[in-house]
Structure formats: C-alpha cells, structure tokens
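Q: I have a structure here, written as structure tokens, and I will follow up with some questions on it.
The values are calculated or read from the model by the stated rules, or taken from the named source; none is laboratory data. As the structure is a prediction and not an experimental result, all values here were calculated from the model. Ideal geometry is used to build each Cβ from the backbone, glycine not excepted, and the neighbour counts take in all protein chains shown.
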Amino acid sequence: MTIVMITHNDLSVSEGPVTHFTEIARNLQDLGHRIVAFAPDLAGVRKEWPFAVTYLNCFSRKPGLSQLLYELVLIRALWRVVKRDGVDVIYSRQSYITLTAPLIARLTGIPLATEVNGILADDLEGRNVGWLRKRVNRFCERFAYSRSGSVICVSNRIREAVANTYDVPIGRLVTFPNGVNTDHFQPRDASSRNEIRKRLGIEPDEFCIGYVGCFTPFDGIEQMPEVARRLTDGTDLRFKIVLVGDEVKKQNVEALIKEIGNAGQFILTGRIDYSELPAYLAAFDIGVAPYVLAGNGESPGRPIGNDSLKCLEYSAMALPVVASKLPQTQYIVESRSGQLVPPGELDMFVSGIHDLMQTTSERRREMGQRGRAYVCSKRSWRQVAQRTDGALRDVCACASSTS
C-alpha cells in the first residue's frame with residue numbers, strides 16, 4: 001500500500017512524539033509499504049529518514065499560527081500527491097489544528113486513520129489560551145474522528161475518553177500502546193559504560209540515577225532536587241543524578257538544585273539526539289520516572305491516559321525502573337522489573353530508589369533482564385507497526401466494501 005503519514009511535530013527534535021511517528025513509519029516501510037510523509041519545516045534542519053519526508057515551510061514558528069499555516073500549505077501538497085501518485089490510506093497524527101487530512105479523505109474517498117495520544121481540548125484547558133482556539137481545536141478533533149475509519153489510541157484511557165467525549169463508535173476505536181526499538185536500545189558492554197560515565201564525570205564508585213525525557217509538569221522532574229536531598233539525609237551514599245532532556249521547566253529544575261544546594265549531585269546534559277540516547281542510558285544504574293497527576297491538562301486524581309516511552313527505553317536497556325504507579329507503568333509490576341509508587345508520594349519514591357541502591361548488583365541485573373525480556377516479547381515498535389498494518393488494511397477493506 002501507499003500510505004501518506006502526516007505529523008505536525010518538528011522531526012529535527014528528539015522527543016517522544018517524533019520517536020513514535022518515525023518508528024511507525026520506518027517499520028511500516030520495512031513491512032513492504034510505500035511511505036509518503038509530511039512534516040513542518042520548523043527548525044530549518046531537514047533531518048534525513050529511511051522513508052520519504054516532504055518538509056513544508058509554514059512561514060512561522062509561533063505556536064498556533066505555525067500549525068494553521070502548515071495546514072494551509074498541506075492542503076495543496078497532499079492534494080498533489082493524491083492526484084499524482086495515488087494513495088491507499090492516510091495516517092494522520094492528531095494535533096491541535098488538524099483539518100487537511102479529514103477534508104482530503106472526505107473529498108477523495110481515501111480511507112483515513114487518526115492516531116490519538118490525548119484529548120487535546122482537555123490539554124488546552126490547562127493553558128492560557130483564548131476561547132476561540134479551544135473551540136477550533138474541539139471542532140478539529142470532532143471532525144477528524146468523524147471521518148476516520150479507525151481511531152488509533154495509545155491507551156485504553158484515551159480510547160474511552162474519545163468514545164465518551166466525541167461519540168465515536170467503539171468499533172472504530174483501537175488501542176495500540178507505545179513501543180520501543182529493542183535493537184537501538186539494548187545493553188552496552190562494560191567499556192562503553194565506563195567511557196560515557198567518565199565523560200559525564202561519574203566516579204566508578206558512584207551510583208547513577210538516570211532520567212530521560214521532557215521537563216514538563218506531568219513528568220514530575222521538579223521533584224528530583226528534593227529526592228537527592230532526602231537520599232543524602234543522614235547517609236553517606238555516593239551517587240549522581242543524570243537528567244537528559246530540555247524543556248520549559250529545565251530552568252525551574254536548575255533553580256531548585258541551586259536553592260537546595262546539591263548541584264554537585266546533578267548532571268544536566270540538555271537534549272540528546274535519539275541516535276545517542278542508548279550511550280547515555282548505558283551510564284545509568286537505574287532509570288526513574290517521577291510522574292505526577294497534576295499539570296499537563298490533568299487534574300489531581302484524574303487517571304492519566306498517555307503512554308511512557310522513557311520507561312520502555314529503560315527496560316530495553318535492561319535497567320531496573322522506579323516510577324510512579326500509573327496505567328502506562330503497570331508493565332513494570334507484570335515483568336517484575338522495578339518498583340512502582342503512588343504519584344506524589346515522595347517518601348515512597350525515595351525509598352524505592354534507596355532500596356535499589358542498597359540491593360546487590362546481581363538483583364538489579366536480574367530485574368533489568370526481566371524488563372528487557374518483556375519489552376522484546378510484547379512491546380517492540382515492529383509489533384506496534386504490525387498491529388497498525390492490520391488496522392490500516394481493515395480500514396481499506398471496509399472502504400472498498402462500502403464504495
């Protein structure tokens with residue numbers, strides 16, 4: 001099949017949404033499909049991928065305006081591809097303003113599948129944006145889901161929310177949780193580990209607690225300076241906390257580290273390219289994910305529905321994990337590959353880290369190996385792409401039978 005894949009994300013940036021989109025595209029191409037991808041040219045850096053990408057100039061980098069302009073440019077570009085090359089199905093990653101994909105699908109009769117990673121209208125409720133943008137976004141979500149033969153959700157929570165919020169028939173909703181590239185993320189040998197630890201300034205006898213991801217309210221990264229303080233309170237533990245990533249909250253974390261006065265225990269690398277992430281994870285002894293329930297459009301006590309790439313990547317590297325107990329981290333209990341604690345319970349989170357620091361390296365190795373075995377058998381991107389392939393074929397077959 002010829003599959004058009006559309007994203008609104010900047011593909012030059014190493015972050016979860018980009019990983020998801022590019023891994024699905026790469027694996028669908030490996031399964032024998034022809035991929036024609038569209039992405040905005042937001043950074044002027046046109047990264048090369050193993051599949052064809054057309055970067056569209058949206059003439060602005062301002063949030064909101066850039067998305068609107070991208071949609072306008074996309075209409076002409078997508079129409080030309082449809083008329084010139086022929087397209088079997090359109091796969092669109094839902095964003096705040098997403099009109100072109102469902103519009104072209106409606107005009108041409110080409111089947112549409114929409115990938116959903118969260119209820120974006122809810123996300124905007126937690127931001128300082130005007131009522132018009134909120135109404136436009138809600139209209140876009142409803143229009144896209146109404147035109148989609150399949151709505152692909154990354155969690156059952158999102159699946160339920162889409163069904164309830166937009167009255168989408170349950171038969172058009174499927175759940176495909178995120179995956180991990182188990183070839184890219186895999187344990188490194190001792191020399192590679194020692195090399196990156198030396199480069200980062202981690203002593204041989206220091207324990208390394210690692211985090212990879214965004215610095216957003218949802219990720220709970222602002223808790224880590226206090227975690228470090230409590231770990232050292234009344235103990236002689238030697239450790240470093242390595243924070244890999246760079247987002248709007250990075251300055252807040254740096255300010256908290258300075259305020260508490262434990263800067264010597266932290267290494268902030270900034271954003272690291274996806275290709276280099278496994279080398280940095282090789283320096284870790286454990287991976288952490290201190291998610292919280294407040295922020296990112298989520299209210300306290302409300303179940304969070306999106307999925308966790310970082311934990312899957314930790315597990316693929318055979319690292320034991322300490323994470324907040326949420327739907328997306330439940331696999332850690334199932335695979336016995338780490339410890340889960342209630343979100344916001346900082347004492348318990350610190351205790352979970354402390355327990356793994358104090359246990360034997362052999363026990364940590366066994367936990368990590370169980371995690372890797374689990375994600376290799378059940379959560380690889382290839383398996384997600386195979387399920388996506390099945391959903392796209394079903395959408396095309398359904399469209400053919402009703403035409």
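Q: Within region 133-143, does at least one residue satisfy the condition of being in the same structural domain as SER14 (by TED's automatic domain parsing), among the aliphatic types (A, V, I, L, M), under 30 Å from ARG106 (Cβ atoms) and not in a helix (DSSP H, G or I)? Explain how you work it out, then say what you get.
A: Of region 133-143, the ones in the same structural domain as SER14 (by TED's automatic domain parsing) are 133-143.
From the residues that got through so far, the ones that are among the aliphatic types (A, V, I, L, M) too are 136.
Still in the list and also under 30 Å from ARG106 (Cβ atoms): 136.
Imposing the further condition that a residue be not in a helix (DSSP H, G or I) reduces the set to none.
No: region 133-143 contains no residue that is in the same structural domain as SER14 (by TED's automatic domain parsing), among the aliphatic types (A, V, I, L, M), under 30 Å from ARG106 (Cβ atoms) and not in a helix (DSSP H, G or I).
Q: Sticking with this one: Inspect region 73-96 for any residue being crowded, with 17+ Cβ neighbours inside 10 Å, out of contact with any strand residue (DSSP E or B) (no Cβ under 9 Å at 6 or more places or on another chain) and not hydroxyl-bearing (Ser, Thr, Tyr) and give the result as yes or no.
A: Among the residues of region 73-96, not one is crowded, with 17+ Cβ neighbours inside 10 Å, out of contact with any strand residue (DSSP E or B) (no Cβ under 9 Å at 6 or more places or on another chain) and not hydroxyl-bearing (Ser, Thr, Tyr), which makes the answer no.
Q: Which pairs turn up if I take residues in region 229-248 that are at pLDDT 90 or above and loosely packed, with under 14 Cβ neighbours inside 10 Å and look for partners that are part of a strand (DSSP E or B) and not polar (S, T, N, Q) with beta carbon separation below 7 Å, at least 6 apart in sequence or on another chain?
A: ARG238/PHE207
Q: Any chance region 23-31 includes a residue that's over 22 Å from VAL116 (Cα atoms) and not β-branched (Val, Ile, Thr)?
A: Yes: region 23-31 contains one or more residues that are over 22 Å from VAL116 (Cα atoms) and not β-branched (Val, Ile, Thr).
Q: Right, here's the next one. Return yes when LEU31 is in the same structural domain as ILE152 (by TED's automatic domain parsing), within 23 Å of ILE152 (Cα to Cα) and over 22 Å from the mean Cα position of the chain (by Cα) and no when it is not.
A: Values: in the same structural domain as ILE152 (by TED's automatic domain parsing): yes; within 23 Å of ILE152 (Cα to Cα): yes; over 22 Å from the mean Cα position of the chain (by Cα): yes.
It is true that LEU31 is in the same structural domain as ILE152 (by TED's automatic domain parsing), within 23 Å of ILE152 (Cα to Cα) and over 22 Å from the mean Cα position of the chain (by Cα).
Q: Determine the pairs where a residue that is assigned by TED's automatic domain parsing to the domain that holds SER66, located within region 81-105, has a partner that is of a type in the set (Lys, Arg) with Cβ atoms under 6 Å apart, the partner being 6 or more residues away or on another chain.
A: Between residues of region 81-105 that are assigned by TED's automatic domain parsing to the domain that holds SER66 and residues that are of a type in the set (Lys, Arg), the close pairs are PRO102/ARG147; ALA105/ARG147.
Q: Of all residues in region 187-224 being among the polar types (S, T, N, Q) and exposed (fewer than 15 other Cβ atoms within 10 Å of the Cβ), which is farthest from GLU15 (Cα to Cα)? I'd like the intermediate steps shown before the answer.
A: Filtering region 187-224 for residues among the polar types (S, T, N, Q) gives 191-192, 194, 216, 223.
Now restrict to residues that are exposed (fewer than 15 other Cβ atoms within 10 Å of the Cβ): 191-192.
Values: SER191: 28, SER192: 24 Å.
Once the filter is applied, the top-ranked residue is SER191.
Q: Say we look at region 351-386 and pick out the residues that are of a type in the set (A, V, I, L, M, F, W, C) and either surrounded by fewer than 14 Cβ atoms within 10 Å (Cβ to Cβ) or over 25 Å from the mean Cα position of the chain (by Cα) (or both); which of these is nearest to VAL154 (Cα to Cα)?
A: The first filter runs over region 351-386 and keeps only residues of a type in the set (A, V, I, L, M, F, W, C), leaving 353, 356-357, 367, 373, 375-376, 381, 384-385.
Subsequent filtering for residues that are either surrounded by fewer than 14 Cβ atoms within 10 Å (Cβ to Cβ) or over 25 Å from the mean Cα position of the chain (by Cα) (or both) retains 356-357.
Numbers: LEU356: 30, MET357: 33 Å.
Of everything passing the filter in region 351-386, LEU356 is nearest to VAL154 (Cα to Cα).
Q: Next question. For region 50-69, what are the residues that are farther than 17 Å from VAL87 by Cα and surrounded by fewer than 16 Cβ atoms within 10 Å (Cβ to Cβ)?
A: We begin by selecting, within region 50-69, every residue farther than 17 Å from VAL87 by Cα; these are 50, 55-69.
PRO50, ASN57, PHE59, SER60, ARG61, LYS62, PRO63, GLY64, LEU65, listed by residue number.
Q: I've got another one for you. Based on what the data block shows, is VAL162 surrounded by 17 or more Cβ atoms within 10 Å (Cβ to Cβ), in contact with a His (Cβ under 9 Å, 6 or more places away or on another chain) and of a type in the set (Val, Ile, Thr)? Don't jump to the end; show me each part of the working.
A: On the way: surrounded by 17 or more Cβ atoms within 10 Å (Cβ to Cβ): yes; in contact with a His (Cβ under 9 Å, 6 or more places away or on another chain): no; of a type in the set (Val, Ile, Thr): yes.
Answer is no for this residue.
Q: Tally up the residues in region 26-46 that are within 23 Å of ILE97 (Cβ to Cβ) and surrounded by 15 or more Cβ atoms within 10 Å (Cβ to Cβ), please.
A: Qualifying residue count for the region: 7.
Q: I've got another one for you. Name the pairs: first residue in region 359-387 and modelled with pLDDT of 95 or more, second residue acidic (Asp, Glu) and buried (at least 20 other Cβ atoms within 10 Å of the Cβ), Cβ to Cβ under 8 Å, at least 6 apart or on different chains?
A: If the second residue must be acidic (Asp, Glu) and buried (at least 20 other Cβ atoms within 10 Å of the Cβ), the pairs left are ARG364/ASP285; TRP381/GLU23; VAL384/GLU23; ALA385/GLU23.
Q: I'm trying to understand the selection: among the residues of region 9-55, which are more than 20 Å from LEU78 (Cα to Cα), in contact with a helix residue (DSSP H, G or I) (Cβ under 8 Å, 6 or more places away or on another chain) and acidic (Asp, Glu)?
A: Correct list: GLU23, ASP30.
Q: For region 3-53, which positions are modelled with pLDDT under 95 and polar (S, T, N, Q)?
A: Listed by number, the residues that qualify are ASN9, SER12, SER14, THR19.
Q: Among VAL384, VAL395, which is in a helix (DSSP H, G or I), under 18 Å from GLN330 (Cβ atoms) and assigned by TED's automatic domain parsing to the domain that holds THR114? Break it down stepwise before answering.
A: Numbers: VAL395 fails: under 18 Å from GLN330 (Cβ atoms).
Result of the check over VAL384, VAL395: VAL384.
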